[in-house]
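Novice: This is the structure I have questions about; it appears just below.
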Amino acid sequence: MLLDQFAGGGTTLIEAKLLNRNIIGVDINPQAVELCRQAVDFKFSPCGNVYIRQGNAQNLSFINNDSIDFIATHPPYANIIKYSSGLEGDLSLLNVKDFLEAMKPVAAECYRVLKKDKFCAVLMGDTRQKGCMIPMSFDVMKIFQNVGFTLKEVIIKEQHNCKATGYWKINSIKYNFLLIAHEYLFVFRK
Ligand SMILES: C[S@@+](CC[C@H](N)C(=O)[O-])C[C@H]1O[C@@H](n2cnc3c(N)ncnc32)[C@H](O)[C@@H]1O
């Protein structure tokens, strides 16, 4: 059984279904839950089962300890993109400091539900504030390590569809520097 507890539009759920894997998708936002339901409403054979529910990634009490084979998830990057207006528990409404605090129970729940020796992949990005780089992805990485995960791999993924991506990409090529135009896929092992 796979898990994506920040399911959003349901990309992970679609891929799991196509790969014939069973998956649990969770999102705090009822609109996202509805989007997920529509996204996985297609026929494909053989395909995995997709279980979708509204919930908070900080408390996955409906999932047993040591029961998940793989977590692939993509939390908000603090409040860079707000996914709701005022929805209680929505981590995309939090500033960086509060977001990092809120990610502690998320990491603890990942560790609790995952089977031993299995992997948890978390996609995270950084941000800039008042012209300064805020490397919050590495803070999130440390939070996951602090709950017991070991870091198996860091995969750098090019960032798409961001306001500033074009600007940083052009300058990266021009000056032969890699600036903030990427995000990190941290792969942890329990
Ligand atoms: C970066 S998006 C996920 C995008 C997803 N990977 C996709 O392909 O569409 C983050 C999602 O986290 C959800 N979210 C925010 N706080 C949450 C929480 N406490 N528990 C579960 N989901 C939450 C938001 O509603 C949003 O849909």
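The values are calculated or read from the model by the stated rules, or taken from the named source; none is laboratory data. Quick caveat, the model's predicted, so the values are computed rather than measured. Glycine gets a Cβ as well: all are built from the backbone with ideal geometry, and neighbour counts include every protein chain shown. Ligands, DNA and RNA are stripped out before the accessible areas are found, and what is left, the full protein with its side chains, is counted by its heavy atoms. Shrake-Rupley method; radii C 1.70, N 1.55, O 1.52, S 1.80 Å.
Novice: Counting only the heavy atoms of the protein chains, how much of Met133 is accessible to a 1.4 Å probe, in Å² to the nearest 10?
Specialist: 80 Å²
Novice: Okay, moving on. Give the Debye-formula value of log10 I(q)/I(0) at each listed q (0.14, 0.30 Å⁻¹), with one equal scatterer per alpha carbon of segment 1-48, two decimals each.
Specialist: -0.28, -1.11
Novice: Report the charge-dipole magnitude of the chain in Debye, nearest 20, computed about the Cα centre from +1 at each Lys and Arg Cβ and -1 at each Asp and Glu Cβ.
Specialist: 380 debye
Novice: Can you give the Rg and Dmax of segment 48-151 based on its C-alpha atoms, in angstrom?
Specialist: When restricted to Cα atoms, segment 48-151 yields Rg and Dmax of 14.3, 45 Å.
Novice: Further question on the same structure: How large is ³J(HN,Hα) for each residue in segment 64-71, as worked out from phi by the Karplus curve 6.51 cos²θ - 1.76 cosθ + 1.60 (θ = phi - 60°), to whole Hz, x for Gly and Pro?
Specialist: Going residue by residue, I get 5, 4, 6, 10, 9, 8, 6, 10 Hz, with x marking Gly and Pro.
Novice: Quick one: Debye curve from the C-alpha atoms of segment 106-149, no solvent, what's log10 I(q)/I(0) at q = 0.21 Å⁻¹?
Specialist: Debye output, listed in q order: -0.70.
Novice: Amide H neighbours of Tyr83 under 5 Å, at least 5 residues apart or on other chains, H built in the peptide plane: list them.
Specialist: Ser92
Novice: Please list, or write none, the lysines whose alpha carbon is within less than 20 Å of the alpha carbon of Lys152, excluding same-chain residues fewer than 8 places away.
Specialist: By straight Cα distance, Lys152 reaches Lys104, Lys115, Lys116, Lys118, Lys142, Lys190.
Novice: Determine the relative contact order of the chain: mean sequence separation of Cα pairs under 8 Å and six or more apart, normalised by residue count, in whole percent.
Specialist: Relative contact order of the chain: 19 percent.
Novice: Could I ask something else about it? Top mean-square fluctuation among Lys174, Lys104, Lys116, Gaussian network model of the chain, C-alpha springs under 10 Å?
Specialist: Lys174
Novice: Seen from all sides and averaged, what is the projected area of the convex hull of the Cα atoms in the chain, in nm²?
Specialist: Convex hull of Cα atoms, orientation-averaged projection: 11.4 nm².
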